[in-house]
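See structure below.
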Amino acid sequence: MNFSVLQFPASNCDQDAVHAIRRLGHQARMVWHKDNLPPGTDAVIVPGGFSYGDYLRCGAIARFSPVMQSVRQFADKGGWVLGICNGFQVLTEAGLLPGALVRNRDLQFHCEQVHLKTAAADTPFTRRIPADRPLRIPIAHGEGCYYADEATLAELRANGQVLWQYCDSEGNVTDQANPNGALHNIAGICNKGRNVAGLMPHPERACEALLGSEDGKWIFESLFEAGRERPAAGTP
Amino acid sequence: MSMSMTEPAITPDLVAKHNLTPEEYQHAVQILGRNPTYTELGIFSVMWSEHCSYKNTRPLLKTFPTRSPRILVGAGEENAGIIDIGHGLAVAFKIESHNHPSAVEPFQGATTGVGGIIRDIFTMGARPVCAANSLRFGELSSAEVRRLFSGVVQGIAHYGNCFGIPTVAGEVYFDRSYEGNPLVNAFCLGVLRHEQITRGAARGVGNPVFYVGPATGRDGLAGAAFASQDLTEASAEQQRGAVQVGDPFMEKLVCEACLELLATGAVAGMQDMGAAGLTCSTCEMAARAGTGIEIELDKVPQRAPGMSSYEIMLSESQERMLVVVHKGREEEVKRIFEKWDLPWAEIGVITDTGHMVVRHGGRQVVNIPARKIADESPVYHREAVEPAYLQAVRAFRLDGVSDTVQPLEDLKRLLAWPSIASKNWVYRQYDHQVRAGTVVLPGSDAAVIRIKEDCLPVMSAELAARVESQTAPGQAFPEKYLALTVDCNGTYVYLDPYEGGKAAVTEACRNLACSGAIPLGATDNLNMANPHKPELFWQIRESVRGLADACRAFDAPVTGGNCSLYNQNPNGPIDPTPTVAVVGLIEKPEHITTQWFKDEGDTIILLGEAVDLGDPLLGLGGSAWLQVMHGLKTGAPPRCDLEAARTLHTTLVGLIQSGLIKSAHDCSEGGLAVTLAECAMSRMEARGTPRFMGATVDLSGWAETRSSALLFGETQSRVVATCAARDGSKVVERARLMGVPAQMIGKVGGKRLTLKTRGLEFSASVEELHHAWWNSLAKHMNQPGE
């Protein structure tokens, strides 16, 4: 499967995403923010980092970049797009995902392992995730508190768009397990079409036993399996 | 030589304001053969500040061991030293202080400290892959200290997280001597191939000189000179303008652009504009190459209108680089700067005159022989006198000190003492996992990182072809595992500078051994007080002697570092704090070892002498226990026998390599009881998910000593290791065979920690101990008001 990993100035998890995908046996290349998506792209990763330094709001400038126009077209045609951390912020700013990510409730940056409960299994991002236990994946963000108005939250829930929630090691969604104050402990969501998803935790940092957890690979494995079932949909 | 009408006349008063002595000024006049211009006076002032010239410490620094077969670039040659790690790969690393700026403006002071050290590393052609730091503050009961602490941590986090470098290791101590004068030492490590080493030399007469990075502003004017003075009460207000402002986003772009640029082969030399900005970079580059350099200040991008030549030359605006380009290859350079949307300008040319010449507004404002100002800086052999307080320190005995009666209470107080308590409040704010290479996260003895292919800077086509031709088809990249740690117990150094200096290096190397690593090299940061005071210079001299002896003993050559003097405020000098960062290599991933207990039923072994019975204070001198339980910061600190330490470290690494050791944790502040508690409680699986593993330990075999010495004494060269029960006697025998005292002291298991000495027995749930230790810093930081 061919992944395109976007590279904004000061993206800093781009290499990590490429590393994880290649290690899992698939192709990944970086796409510079001034370019278009290359033909043959099966899925897009919008990686973590601080895109343009995050000087306005996280992801607020990145959405205007040329590559994001091409990602939008790709997504409109049903192409798979996964935003990680800052990439999630970029996708909400670009309107590809609903809601917003605001400052963590304690106003501090949090880098730590968290547990995630997978709330919907019927997406190309979650279909391979084992149902019996929570995932253990690290977070690293200062603005990861998911926020949306009541109507949007109701819609997300009605459509099963909430994909991951922060939980404890037993899988219970508790306030203590919530590292940033996200509403309903939301760690990741998808769009209505279920082809665009974003999450604050970093699955690409949890794909090797050496690094302490391999749980992140289930998210990539889900995409690989989806990719085997259908040819690329949205290649421009 | 014409002079601008607005430049002030050079008076003795102006010379003194520039921190130059009358003799130094005369030397400058002699070098020039005339009186300096105002701009030149500024240049001499910063170039001959301690920060840039090491004029007070150079004779001492020469005593450090600096050679080993692995050293590719040695101490003092360039911005950072470089060490071979095998397979054609190398690491560049260095530690540097930003103490004075952080005292005045903690957030920006810390950010620019991190930014500066990252630039030192990529200037060498290396890709920065991890950061660490060493911090000191006053006591957290003061609201001002909490403000400084919080600001510094946020500053480090902001810069490192945004740049995308994992901050993987560090240390934080709290002691009254640092009140008003915090220490902020930042470390960075980068990776490169041997062929990618870049020199900061202005080679090639006729080659153009490029400036890249943000425009030059008035910020950070003469920061290097500011860092070389005592802090005064007025300094906070007066010198705020000397603190620079950091922009990690810009640094990331400059770093990527420079590494891409180096791969083109168009670069003849590169240097960052750090301390003393444009002055230091032009002067040092010309001095290294034996060439001259001529620059036009009108071409330098400027943030403010009407800046004088003095201001432009001395500005310390951040994230700027000076790049010498092979003539004819300018277009390639411009293309890369434009790709990264970076401001750049061609500002000058390399000459054969040996002079640094600066023009501004059509006039020549500077004309200095570059090598002379860089190499002929003054050197002072300062007077050293042993301080009087040491008499009382050495005479101190335990006679009036009662032994522990409630050891559990003592243990809990020690675990909650900020210098010992978990630093999760700090490192949780640092992204310590970006780059997907952190194998052992903060919270064990040493951090361990994996060096993989994407840690390297982009290669030139020629180098890539050569590497490929030397690689068999299908052969994987030779991944490397590095351990690193930063250590220094300033209290020990205060109580005995020589022993304390030795102990700092020894503890760092012991931490490496516990993680399975063998030292490659060290970088030091001498944080000291005023060298003009003979008692304080004696502290510097003795602690350097200790560092040097220990670095020799462990084959850890010093590859470079930094001196920060004048660390004192109206309340007095800081404790002498020669921070040491040591980097080690772990041969195979299966040798990577962590400090926490692993499995129920494992045997606990104490390696090293439980108590140094030859020490009249039994390891309690300068100990945390004496400070916390008795309010005493005195007594000769535990003796550090380098030969015993070396034997312990090699034996431990040997045992680890044979696959016998499951966990290893060094004994340091708080002694054996704190070490055992940490083994039982420090493994953190995830947020709110610590993994507890208790133990039962019997120390009643040591009959003829105080319980406090056994439990809380800080006798040097001890490690708590565990192994499978069936391997217990094998480990003990092999250690003893090598000459390391070894004793089985207990078993891992349950959720309680139970300790027994000759006269005492106590037990606590690991969860209770964890609570005291894990939450202490957060509790201190959340307290209201004064």
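The values are calculated or read from the model by the stated rules, or taken from the named source; none is laboratory data. Quick caveat, the model's predicted, so the values are computed rather than measured. Neighbour counts are summed over all protein chains in view; Cβ atoms, including those assigned to glycine, are modelled from backbone coordinates with ideal geometry.
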- Task: Quick one: in the range B:668-727, of everything that is out of contact with any Pro (no Cβ under 8 Å at 6 or more places or on another chain) and of a type in the set (Lys, Arg), which residue is farthest from the other protein chains (Cβ to nearest Cβ)?
- Result: B:706
- Message: more than 10 Å from chain B (Cβ to nearest Cβ) and either assigned to a strand (DSSP E or B) or at pLDDT 95 or above (or both): which single residue out of A:179, A:138, A:201 fits that description?
- Response: A:201
- Query: Out of B:399, B:431, which single residue is surrounded by 18 or more Cβ atoms within 10 Å (Cβ to Cβ) and either among the acidic types (Asp, Glu) or more than 32 Å from the chain's Cα centre (by Cα) (or both)?
  - Reply: B:431
- Do we have any residue at all in the range B:752-763 that's under 26 Å from residue B:649 (Cα atoms) and without any contact (Cβ under 8 Å) to a residue 60 or more places away in the chain? no
- Query: Is it the case that some residue within the range B:34-54 is at pLDDT 95 or above, in a loop (DSSP other than H, G, I, E, B) and either within 22 Å of residue B:540 (Cα to Cα) or not polar (S, T, N, Q) (or both)?
  - Reply: yes
- Looking only at the range B:498-517, decide whether some residue is within 19 Å of residue B:190 (Cα to Cα) and either in contact (Cβ under 8 Å) with a residue 40 or more places away in the chain or out of contact with any Lys or Arg (no Cβ under 7 Å at 6 or more places or on another chain) (or both). yes
- What number of residues in the range A:126-135 are part of a strand (DSSP E or B) and surrounded by fewer than 22 Cβ atoms within 10 Å (Cβ to Cβ)? 0
- Message: Checking residue A:32 against (1) within 14 Å of another protein chain (Cβ to nearest Cβ); (2) of a type outside the set (A, V, I, L, M); (3) under 25 Å from residue A:145 (Cβ atoms), only one condition comes out false. Which one?
- Response: (3)
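Pick out the one residue from A:210, A:223 that is farther than 30 Å from residue B:691 by Cβ, in a helix (DSSP H, G or I) and either within 14 Å of another protein chain (Cβ to nearest Cβ) or of a type outside the set (S, T, N, Q) (or both).
From the options A:210, A:223, the qualifying one is A:223.
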- Counting only residues that are surrounded by fewer than 20 Cβ atoms within 10 Å (Cβ to Cβ), give me the helices (runs of 4 or more DSSP H) lying completely in the range B:467-573 with at least 1 of them. B:497-515, B:534-553
- Note on the structure: When restricted to B:290, B:274, B:348, the only residue surrounded by fewer than 17 Cβ atoms within 10 Å (Cβ to Cβ) and within 21 Å of residue B:79 (Cβ to Cβ) is B:290
- Message: Suppose we filter the range A:111-153 for residues that are hydroxyl-bearing (Ser, Thr, Tyr), over 15 Å from the mean Cα position of the chain (by Cα) and within 25 Å of residue A:78 (Cα to Cα); how many remain?
- Response: 1
- Item | Per-region count, the range A:1-10, residues over 14 Å from the mean Cα position of the chain (by Cα) and within 14 Å of chain B (Cβ to nearest Cβ) | 4
- Message: Among the residues of the range B:321-333, what is the count of those that are under 21 Å from residue B:123 (Cβ atoms) and touching a strand residue (DSSP E or B) at 6+ places or on another chain (Cβ under 7 Å)?
- Response: 8
- Query: Does residue B:298 satisfy the criteria of being touching a residue at least 12 places away in the same chain (Cβ under 8 Å), more than 19 Å from residue B:47 (Cα to Cα), more than 31 Å from the chain's Cα centre (by Cα) and part of a loop (DSSP other than H, G, I, E, B)?
  - Reply: no
- Identify, by number, the condition in (1) touching a Gly at 6+ places or on another chain (Cβ under 6 Å); (2) not in a loop (DSSP other than H, G, I, E, B) that residue B:317 doesn't meet. (2)
- Query: Taking residue B:328 and the conditions (1) assigned to a loop (DSSP other than H, G, I, E, B); (2) of a type outside the set (S, T, N, Q); (3) modelled with pLDDT under 95, which numbered condition does it fall short on, given that it satisfies the others?
  - Reply: (3)
- Query: Looking at this structure, is residue A:108 within 13 Å of chain B (Cβ to nearest Cβ), among the polar types (S, T, N, Q), farther than 17 Å from residue A:218 by Cβ and more than 17 Å from the chain's Cα centre (by Cα)?
  - Reply: yes
- Message: Being more than 14 Å from every other protein chain (Cβ to nearest Cβ) and in a helix (DSSP H, G or I) narrows it down to one residue among B:275, B:286; which is it?
- Response: B:286
- Query: Restricting attention to the range A:111-125, which residues are more than 14 Å from chain B (Cβ to nearest Cβ) and assigned to a strand (DSSP E or B)?
  - Reply: A:118
- Task: Could you check, for the range B:70-85, whether at least one of its residues is closer than 24 Å to residue B:441 by Cα, among the hydrophobic types (A, V, I, L, M, F, W, C) and either assigned to a helix (DSSP H, G or I) or touching a Leu at 6+ places or on another chain (Cβ under 9 Å) (or both)?
- Result: yes
- Of the residues B:185, B:161, which is buried (at least 22 other Cβ atoms within 10 Å of the Cβ), in contact with a helix residue (DSSP H, G or I) (Cβ under 9 Å, 6 or more places away or on another chain), in a strand (DSSP E or B) and not small (Gly, Ala, Ser)? B:185
